[in-house]
1. Among the listed residues Gly292, Gly308, identify the single one that is over 17 Å from Arg247 (Cβ atoms), small (Gly, Ala, Ser) and outside the structural domain of Met32 (by TED's automatic domain parsing).
2. What number of residues within region 186-201 are among the hydrophobic types (A, V, I, L, M, F, W, C), at negative phi, within 12 Å of the ligand (Cβ to nearest atom) and surrounded by fewer than 24 Cβ atoms within 10 Å (Cβ to Cβ)?
3. It is to be established whether one or more residues within region 54-71 are within 15 Å of the ligand (Cβ to nearest atom), β-branched (Val, Ile, Thr) and assigned by TED's automatic domain parsing to the domain that holds Met126.
4. Scan region 53-68 for residues that are without any contact (Cβ under 8 Å) to a residue 24 or more places away in the chain and of a type in the set (D, E, K, R) and report the count.
5. Looking only at region 279-315, which residues are crowded, with 19+ Cβ neighbours inside 10 Å and charged (D, E, K, R)?
6. If you check every pair at least six apart or on different chains, which have Cβ atoms under 6 Å apart with a residue in region 285-313 that is in contact (Cβ under 8 Å) with a residue 12 or more places away in the chain first and a residue that is aromatic (Phe, Trp, Tyr) second?
7. Test Ile254 against the stated conditions and say whether it is closer than 26 Å to Thr154 by Cβ and not in a loop (DSSP other than H, G, I, E, B).
8. Residues of region 42-89 being more than 18 Å from Ile113 (Cβ to Cβ) and either part of a strand (DSSP E or B) or aliphatic (A, V, I, L, M) (or both), which ones?
Amino acid sequence: MVQKEAIGSVFAQHLQGLADLGVEMPVLLAPMAGITDLPFRRVVAGFGAGLVVSEMVASQEMVQAKPSVRARSRAELGLGEARTAVQLAGRDPYWIAEAARMVADSGAEIIDINMGCPAKKVVGGMSGSALMREPDHALRLIEAVVGAVSIPVTLKTRLGWDDDMRNAAPLAQRAAAAGVRMITIHGRTRCQFYKGRADWAAIGAVVQACGVPVIANGDICSGADARRALALAGAAGVMVGRGAQGRPWLLAQIAAELAGKPIPEAPQGAALVDLVAGHYEAALAFYGCDLGMKTVRKHLGWYVEAAGGALALRQRLLTARTPAEVLTLLPDALAPAPDMEKAA
Ligand SMILES: Cc1cc2nc3c(=O)[nH]c(=O)nc-3n(C[C@H](O)[C@H](O)[C@H](O)COP(=O)(O)O)c2cc1C
């Protein structure tokens, strides 16, 4: 009983830690490069999300970019948007601190440090999850960012590099001692990439090790998943990535389920068509027509799959040549098809 009360009070403290960051709802949108761009984050935030995180930005490249490129990348970061963290990646304490200063001066609310990306391009540059192999260096980066800004700094990482080096807990402990205010753990090692299942129970060791809120991430696609991940990890919240593809309302549904409130219905029919058309037009306005059509295409495919639309109509939608054609096809493409014809 005493132990249960102690656990309860630690959990309450962690929820307060989230609230201090402005995160009132313990369901966060994961950063996904090429997917969670500003137009998509706005759609998700419109339904409700505790926090959304920008796609990762390479620190040195951003600081050294030409002013026109920098303006573009700053627009993408959504500086000044409520409940948005800007995620920085980098290897050099000097450049990541400069980037942190730059985005903080431009209105970022929270800076998230990327130590989880497994991509060879990023790991080859010895940033992202490669930093898990060099905890002392990782700490220098964290200290540089925390020392450079007065806004909260958070960290996103994995369970470790591989099964022989599952060092998220000591890293998280040191990160928290250095001033990091929240830590998200994707329940896989770097060497697992996205294979197997995320190990939510293993995240519990990180929760035990550090006194700041820990967010469980990986394979959370429903309220039931979220409840199980929270129970196994003892985490303060969950972060949802791929599950929200084609279902930007999912975070709000999960949050309602966790809070024991009625679960909002997913939009259907005309409401779904309006939502997708709105996302589509926002992407075209943000990127310009040609780039916008290419960038938002994958989202259209996911919306049709989530709606159970017909495979043939999905194909027509994805190969349409003009925005007008796309908008005309949407109502039929988003209508549920008989099982045999479904896109997914
Ligand atoms: C296409 C793609 C891009 C990603 N980009 C990033 C990124 O920029 N920064 C980051 O920290 N994690 C990135 N991730 C990892 C996700 O944030 C998340 O940790 C991972 O997808 C597991 O969560 P999920 O199962 O809910 O998708 C990316 C994942 C995917 C699939």
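1. Just one listed residue meets the conditions, Gly292.
2. 1
3. From region 54-71, those within 15 Å of the ligand (Cβ to nearest atom) are 54-59, 61-62; that's our starting set.
Now restrict to residues that are β-branched (Val, Ile, Thr): 57.
Going one step further and asking which of them are assigned by TED's automatic domain parsing to the domain that holds Met126, we end up with 57.
Within region 54-71, one or more residues are within 15 Å of the ligand (Cβ to nearest atom), β-branched (Val, Ile, Thr) and assigned by TED's automatic domain parsing to the domain that holds Met126.
4. 2
5. Arg314
6. Thr295/Tyr287; Val296/Tyr280
7. yes
8. Of everything in region 42-89, those that are more than 18 Å from Ile113 (Cβ to Cβ) and either part of a strand (DSSP E or B) or aliphatic (A, V, I, L, M) (or both) turn out to be Val43, Val44, Ala45, Ala49, Ala65, Val69, Ala71, Ala75, Ala82.
The values are calculated or read from the model by the stated rules, or taken from the named source; none is laboratory data. Given the structure is predicted, the values throughout are model-derived calculations rather than measurements. Here Cβ is always computed from backbone atoms with ideal geometry, including for glycine, and neighbour counts include all displayed protein chains.
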